[in-house]
Structures are given as structure tokens and as C-alpha cells.
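The values are calculated or read from the model by the stated rules, or taken from the named source; none is laboratory data. Everything numeric here is computed off the predicted structure, so don't read it as measured data. Because the Cβ atoms are built from the backbone with ideal geometry, glycine has one as well, and the counts that use them run over all protein chains shown. When the accessible area is computed, the model is the full protein with side chains, heavy atoms only, and any ligands, DNA or RNA have been set aside. Shrake-Rupley method; radii C 1.70, N 1.55, O 1.52, S 1.80 Å.
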Amino acid sequence: MEEPRIVRLASVTSTQEVARDLPIGSVVVADHQTAGRGRLDRRWDAPSGSALLASFVLEPHPLLSLAAGVAAAEACGPDVRLKWPNDLMLRGRKLGGILVEVSGGKAVVGIGINLTSAPPGAARLGLPRDDLLDRLRAELSAWASAPHGRILDRWRELSVTLGRRVRVELPGHAFEGTAQDIAEDGALVVDGQRVGAGDVIHLKQRGPGARSRAAPRRSARG
Ligand code: BTN
């Protein structure tokens with residue numbers, strides 16, 4: 001059994017690329033990524049040293065994506081919430097994101113959190129990177145092995161998606177509805193339909209004269 005380790009690097013293509021060749025328990029942290037990746041094939045770009053950019057190699061399990069979201073929200077602090085599936089939100093703005101990639105019996109959980117700068121419209125946390133990394137390691141270790149019911153319950157408590165009108169964008173198809181719950185496997189339930197992947201956009205709350213419209217295309221970070 002190889003020793004788990006923390007690998008600290010100045011610049012990488014993506015911490016995900018380095019992490020996938022390392023044993024379970026390893027963590028890769030970088031100051032800068034030249035080809036950082038977000039969900040749904042988006043890019044994740046951040047100025048050098050301005051964000052926590054880390055990938056954790058863990059045992060795969062079906063709720064790992066939600067568990068990682070809960071762990072990251074807990075590590076960031078009491079004001080941080082989750083937008084389905086696991087975007088970190090601070091006062092309505094995106095603070096960070098999580099990308100889970102599974103291959104070869106390992107799951108690589110990539111977490112990016114804006115610390116000292118953020119794109120227009122996004123949030124930043126302002127915590128020291130190494131303090132946040134220590135908290136993340138502890139929370140991830142706890143939540144990755146938590147009972148599924150506890151992960152789902154805590155995700156529901158932290159959610160800013162449940163109860164909202166949302167637009168679901170799937171390849172070649174989109175619809176609007178109310179996000180009602182998450183299913184036992186982590187799928188979002190929108191007007192009775194299960195959404196397992198794709199993009200979920202929070203629609204503006206309707207007021208007199210308000211109209212719903214899709215948010216513009218954006219990078220993963222903002
Ligand atoms: C998203 O919100 O779409 C997920 C963003 C995940 C970004 C992190 S930064 C560290 C790790 N390396 C990557 O290339 N991506 C993840």
C-alpha cells in the first residue's frame with residue numbers, strides 16, 4: 001500500500017491530471033492551473049495564488065459529489081450554501097465549484113474556491129489557503145464516509161436550490177419547473193422529473209411584471 005501524500009505544485013495543467021495517477025488518500029494543491037477544468041466541459045481559470053485549487057483522491061461512492069459539496073461548504077463557513085449539484089454559493093454568488101471524475105477504481109474530487117479574487121459577479125472567501133485546505137481535508141474525510149441519509153439531510157439543509165424555480169438544461173432539451181427534492185441517488189427532482197446531470201439555472205423569483213429568462217453562458221468560475 002503506497003503512502004498517501006500531499007503534493008504541492010506551483011503550476012500544473014490541472015490538479016485533476018496529477019491526482020489521477022496517485023493513490024487513494026493523496027491530495028494535489030497548485031498555485032496555478034494552465035488548463036483548469038469545470039463541470040460540463042467548462043474552463044476554470046484563476047490568477048496565480050488567488051484561489052484554492054486542490055484535487056483529492058478518494059474511494060468512489062454514489063453520493064460522493066454531494067458529500068464533497070457538503071464538506072466544502074462546512075469547511076468554508078456558516079454562510080456558504082449549495083446550488084445543485086455542488087456549487088458553493090456565498091450570498092447568492094458563486095464562490096467555488098467541485099468536479100468529480102471517476103476512473104480506475106478511484107474518484108478524483110477537484111475543488112476550486114475563490115480566495116483573494118473572483119470574476120465579476122462571483123464571490124471570494126478571504127481565508128488563508130492552508131487553513132482552508134486543512135479544514136477541507138478534515139471535512140472531506142468525515143463526509144466521504146458518512147451514512148448516505150446524513151449526507152442527503154445536510155445537503156438539503158444547505159441547499160439554495162430546493163424550493164426554487166429552475167431551468168434545467170440537458171443536451172438538446174431544456175425545461176423549467178420547481179426543484180422539489182433530491183432523490184436517494186442524488187438526482188434533483190424537478191416537477192417530478194429526475195435530473196441526474198446537466199446544468200440547473202436558478203430563475204429569478206417572480207414578482208409583478210417579472211419574466212423568467214435563462215442566465216447567460218458563463219465560465220465555470222463565475
Ligand atoms: C465547476 O464549478 O464547474 C467545478 C470547478 C472545479 C475546479 C477545480 S480547481 C481544482 C481542480 N482542478 C481542475 O482542473 N478543476 C478542479
Note the full-extension length gain between LEU40 and ILE24 as 0.36 nm times their separation in residues minus their Cα-Cα distance, in nm to one decimal. 3.3 nm
Rounded to the nearest 10, the angle in degrees between the Cα long axis of helix 64-76 and the longest principal axis of the Cα atoms of the chain comes to 80
Once neighbouring chains are kept in place and the probe is 1.4 Å, which whole percent of the accessible area of the chain is contributed by carbon and sulfur? 50
Helix-derived mean residue ellipticity, 222 nm - over the chain, DSSP H n ≥ 4, -39500 (n - 2.57), to 500: -6000 deg cm²/dmol
What nm value, rounded to one decimal, do you get for the distance between HIS148 and ALA183 when each label is placed 7 Å out toward the C-beta? 1.2
Using 7 Å Cα-to-Cβ label points, what is the VAL7/GLU157 separation (nm, one decimal)? 3.6
Set the Förster radius R0 to 35 Å, insert the Cβ-Cβ distance between LEU170 and SER48 as r into 1/(1 + (r/R0)^6), and round the FRET efficiency to 0.05. 0.50
Helix 148-158 sits off the longest principal axis of the Cα atoms of the chain, rounded to the nearest 10 on a 0 to 90 degree scale, by 60
Report, in degrees rounded to the nearest 10, the 0 to 90 angle that the Cα long axis of helix 129-144 makes with the longest principal axis of the chain. 70
